[in-house]
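Worksheet: the structure to be examined is printed underneath.
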Amino acid sequence: MESQGSGMVAISDEVASFVAREHGLFIDGGWHAGQSSARLDVFGPATGTRIAQVIDANAADVDAAVSSAARAFESGVWRKLRPADRERILLKLADALEANGETFAQLETLNQGKSINIARAVEVGATVEYIRYMAGWATKITGETMDVSIPFPPGARFTAYTRREPVGVVAGIVPWNFPLMIAVWKLIPALASGCSIVIKPSPETPLTALLLARVASEAGVPPGVFNVVTGGAVAGDALVRHPVVSKISFTGSTRTGKLVGTAAVQNMTRFSLELGGKNPIVMLDDVDADQVVQGVLAGAFFNQGQVCAAASRLYVHRSRFAQITDALAAAAGSMTLGPGLDPAAQINPLVSARHRDAVAASIARGRAEGATLLCGGDTPDRDGYYVKPAVITGVAQDATVAREEIFGPVLVAIPFDDTADAIRMANDTPYGLTASLWTNDLKAALNLIPEIQAGTVWVNCHIPLDPGMPFGGFKQSGIGREFGRQAIDGFTELKSVCIAH
Ligand code: NAD
């Protein structure tokens, strides 16, 4: 079904003029033309047309940004501020993002393709909440004191304690699925900790990070503390290999994450990796079909399934399999398709032509392996990078569609007879980002949670995140945790102090 588009959001003049301007690199508090002559075309997924151009930064540009961040760090202009003053500036940034929320939301929808509803509520709304939560950590960074037992010289007394100190210059590398939100997940804990940062957004979706740089600067983040370099793999590689970078916070695919980790080790640069997933739902036989369908649809097709945490494998007890998959297919098949600027459209374009083609190729491979498409999976003949949401059955656990991360609106459903088998299949993957368990049997849930290999396990929901709840992956879904106190730990070094007296 296609949305009629009668209530389309009109792009504001502010967004239109921001998109059309000549975009520079944000270094040392100002816009720079950079040394690279290469440019990246930025497309609008709803139309497939070019909407902007940004600089495809080279190693010299990255070096300029890292040097600016290093100067700011060494000068102490940020890290030596009173923690309460850092917190206050970050809170001002949250206010500014909120005040400019509609501009950010429209810009993200235009560039990423997502629903304006998600852009408003998540890219902006949840991100503002995240900033306010994380700003509070600036004043709560602590070490601990220890009663030590050092025996020499006889009779000596010691006082020992630990301090958490900002790690230094941070490289934040961001994917294209939630460009503003994930940039902020790196920016704010780094700044709350006292670090300086260079953010490199995805080449597909660089625009909101550039606008964020301007807004942060106006909110009082000093020059050099937050820099933005646009570019692709060349800029990313230069950033992760830069010897002055002390910490890399990377979100992206497992394939690129391995390259980043390998490069980081050469300089012993600290790194955290938030990577891919092939996240399972395990649904026991006691669920109420009417109650679970909307939750599963949200878990699988939110943001067109372009969510690292999205559910992409559904294991349902055989006694309920046909009922649940038929209900899901009926609901998914009736989702309205349309541009993100149409608030009534439930399925929007994917981020790029390349990604749409990759998702379509995965679905075609599934068909070739004998899969049954209960609904969707085709790419409609219209402008924009659409794929209709697909519910797939009839495949074995080892089918490619059941194993590889597709990162699109594709849900593979497999029946099980025995709960232990379901957990074994859920864990039978190199990934371990998220999982969910659907049952009203509390005892069963509590017994199964420890058996699931995933950084987050939801029960009777799949997708909610909270800034206070650590987020990250088991196995090849990553290393480290974002959110909560753990985010601060990732941007600080622990120093032990021992004083003889
Ligand atoms: P990607 O790995 O292709 O790119 C991610 C970023 O890395 C981009 O900014 C890219 O330019 C940069 N990059 C590319 N090559 C590089 C290199 N050699 N060195 C340094 N940086 C380099 O990922 P993507 O396609 O943008 O995003 C989709 C992937 O991200 C999916 O696998 C998804 O699961 C994952 N993801 C994970 C999380 C999480 O929190 N775990 C969140 C969102 C997305």
### Task
Tell me which residues, restricted to the stretch 462-486, are out of contact with any Gly (no Cβ under 6 Å at 6 or more places or on another chain) and not acidic (Asp, Glu).
464, 465, 467, 469, 471, 476, 479, 483, 485, 486
## Note on the structure
Cβ pairs under 8 Å, 6+ apart or interchain, first in the stretch 16-30 and under 17 Å from residue 201 (Cα atoms), second surrounded by 20 or more Cβ atoms within 10 Å (Cβ to Cβ) and modelled with pLDDT under 95, ordered by first then second residue, are none
### Query
Do you know which residues across the stretch 138-195 are part of a strand (DSSP E or B) and among the basic types (Lys, Arg)?
163, 164
### Query
Which residues, taken from the stretch 458-501, are free of Cβ contacts under 8 Å to residues at least 24 places away in the same chain, within 15 Å of the ligand (Cβ to nearest atom) and on the phi < 0 side of the Ramachandran plot?
464, 466, 469, 470, 486
### Message
I'm checking my understanding of the structure. Among residues of the stretch 318-336 that are touching a residue at least 24 places away in the same chain (Cβ under 8 Å) and more than 32 Å from the chain's Cα centre (by Cα), which one is farthest from residue 288 (Cα to Cα)?
### Response
318
## Note on the structure
Exactly one of 291, 306 is among the polar types (S, T, N, Q) and over 21 Å from residue 185 (Cβ atoms), and that one is 291
### Query
Considering only residues of the stretch 234-258 that are under 18 Å from the mean Cα position of the chain (by Cα) and assigned to a helix (DSSP H, G or I), which is farthest from the ligand (Cβ to nearest atom)?
258
### Residue that is farthest from the ligand (Cβ to nearest atom) [pool: residues in the stretch 196-232 that are in a strand (DSSP E or B) and either free of Cβ contacts under 8 Å to residues at least 12 places away in the same chain or within 23 Å of residue 109 (Cβ to Cβ) (or both)]
228
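The values are calculated or read from the model by the stated rules, or taken from the named source; none is laboratory data. Everything quoted here is computed from the prediction, not taken from an experiment. Methodologically, a virtual Cβ is constructed for each residue, glycine included, from the backbone with ideal geometry; neighbour enumeration extends over all protein chains shown.
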